[in-house]
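What follows is a short report on a single structure.
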Amino acid sequence: MTFSRERTISRVLRRKRRRGSVVVIVLWAVALGALLTAAVQISATRGAKIGTEAIARVQARWAARAGVEQMISILEYYSENPDPDDAFAIYNEMGHRAYSEIGDLDGASYVIEHWSEGQLWAGPLDEHTKFNINLSVDNPDPLLNLPYITQDIVDSIRDWIDEDEEPNPEGAEAAWYLTQGFTYHPRNSFMRNLAEMEMIPGAYPEYVREEDWNLNNRFDANEDDGPLLWPHDDSNGQLNAGWSEFLTAHSVGGGLSPTGLPRLYIADAEPEEIAQRAGLAMDQAETIKAFGSNPNNRMSLLFTAPLSHIRDDGSVAPLDGPQVRNVLPLEFQQYEAVFGELTMDDPSYRVPGKMNINTVPETILRDLLNFDPVIADEIIYRRSKLPKGFTSLVQLATVSQTFNAPALAEIADVLDVTSNVFTITSIGRSENTGLEVQLVVVVDRSTLPLHILEYREQ
């Protein structure tokens with residue numbers, strides 16, 4: 001009896017131990033299942049979040065792209081169909097009056113804006129509001145008026161651009177870069193963008209960009225937060241863009257004429273073509289042909305050189321001497337047509353663009369260009385009275401005696417009435433997540449179809 005009872009107790013204990021082991025195994029299985037379920041859920045949530053962000057990025061990117069395409073279509077339309085009486089028609093179409101700078105796409109929206117002259121503007125940035133640094137080879141004075149710049153930097157900029165290997169007095173050519181251990185040397189050609197300027201000794205990024213570190217012409221959050229995020233800024237609600245506020249390497253000369261046609265290259269044109277395009281008599285056209293075929297001349301010289309003093313080789317005879325040909329002087333309308341429809345720049349080459357008299361900031365007119373203060377103030381005053389802007393520099397002579405022939409020639413060397421290159425900063429935003437994609441696209445409408453000079457996604 002005692003032995004049987006012990007066996008029974010032993011069997012009961014073994015059953016309890018087995019049940020306890022099963023319970024432990026089950027609990028471990030449940031825990032493991034819970035962990036696996038949690039892992040799957042976390043992975044699924046993360047995947048869903050990544051998928052949502054990916055979709056939001058695609059939406060924002062294509063919304064930004066839609067804004068760029070909208071601006072391109074406007075630029076191309078007004079290049080082919082310019083308004084001869086309204087210089088600001090294209091700006092009004094791209095800006096707030098037509099609300100072309102904002103738009104909606106499925107699940108996203110875009111806005112196009114830029115910072116200039118201490119405030120935010122709707123639409124693209126006109127690159128012809130700035131001085132083209134590639135023009136400094138022949139006209140370095142505007143650079144010397146920039147803050148923090150010195151003569152050695154200016155001379156080095158000119159050496160970077162000019163074609164020879166002879167350094168300016170305080171400049172630097174290839175030999176200097178080699179002796180200093182640089183792995184590059186001057187391009188000896190036009191700069192392609194303003195960031196290239198930072199390869200020149202003394203042209204530090206802090207000077208070139210200052211607070212606009214990504215050169216997008218827009219006030220980003222990290223550019224107004226003091227020392228928190230790079231770049232360091234004064235967090236005063238104003239974008240200080242350094243030299244990039246005043247300089248560009250993108251603006252291009254030439255472009256289509258006020259009638260929407262390619263400008264007629266005088267050196268390759270026949271007098272009959274010149275006469276037809278500019279409304280000239282044949283002897284006037286022949287004189288313009290001779291003048292425009294002389295590589296030593298500039299179009300601006302036509303303001304001070306009477307047609308009667310232009311020789312057969314295009315050179316200009318002394319103005320205090322006798323006339324060399326019997327030809328009538330140009331009238332105002334003919335001047336407008338000559339400067340609007342003809343060009344002395346070979347269309348196969350890209351030439352740096354002049355600033356637009358209608359859009360160039362007052363500070364540049366007064367401080368950067370070294371104009372006579374009377375001329376600068378008169379330009380600012382006269383354009384404020386023209387809501388549609390100047391459509392020809394010749395108009396200046398009809399509104400004030402300040403703009404005599406020498407003054408017009410000086411103005412025509414650095415200013416024009418049209419702009420060819422614009423920087424489109426388009427910000428696309430997803431409605432669901434608020435995620436933003438920014439496109440910075442530099443476009444050139446001097447020829448059609450329009451060319452994209454630079455494309456950046458941020």
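Give the angle, between 0 and 90 degrees and rounded to the nearest 10, that separates the Cα long axis of helix 2-80 from the longest principal axis of the Cα atoms of the chain. The angle comes out near 10 degrees.
Could you compute how fast the stretch 263-346 diffuses translationally, taking Rh as the Kirkwood radius over C-alpha pairs and applying Stokes-Einstein at 37 °C with viscosity 0.692 mPa s? Give it in µm² per second. My calculation gives 263 µm²/s for D. Taking the fewest neighbouring Cβ atoms within 10 Å as the starting point, the ordered list for Lys354, Lys388, Lys130, Lys289 is Lys388, Lys289, Lys354, Lys130.
Over the Cα atoms of the chain, the radius of gyration divided by the Kirkwood radius equals 1.27; this is the Rg/Rh ratio.
Adding -39500 (n - 2.57) for every DSSP H run of four residues or longer, then dividing by how many residues the chain holds, sets the calculated 222 nm ellipticity at -11500 deg cm²/dmol.
When Val338, Val442 are ordered from fewest to most other Cβ atoms inside 10 Å of their Cβ, what list results?
Working: Val338 26, Val442 22.
Placing the least packed residue first, the sequence is Val442, Val338.
For the Cα atoms of the chain, what angle does the longest principal axis make with the long axis of helix 373-384, in degrees from 0 to 90, nearest 10? It is inclined by approximately 70 degrees. Counting lysine pairs in the chain that sit 8 or more residues apart in sequence, or on different chains, and whose Cα atoms lie under 26 Å apart gives 6. For the chain, the longest principal axis of the C-alpha atoms and the axis of helix 151-161 are separated by about 90°. When the alpha carbon coordinates of the stretch 312-458 are projected onto the principal axes, the ranges are 77, 37, 26 Å, largest first. Neighbour counts of other Cβ atoms within 10 Å put Asp85, Asp416 in the fewest-to-most order Asp85, Asp416.
Values quoted throughout were computed directly from the atomic coordinates according to the rules given, and no laboratory measurement underlies them. Quick caveat, the model's predicted, so the values are computed rather than measured. Every residue, glycine as well, gets a Cβ built from its backbone with ideal geometry; the counts of neighbours run over all protein chains shown.
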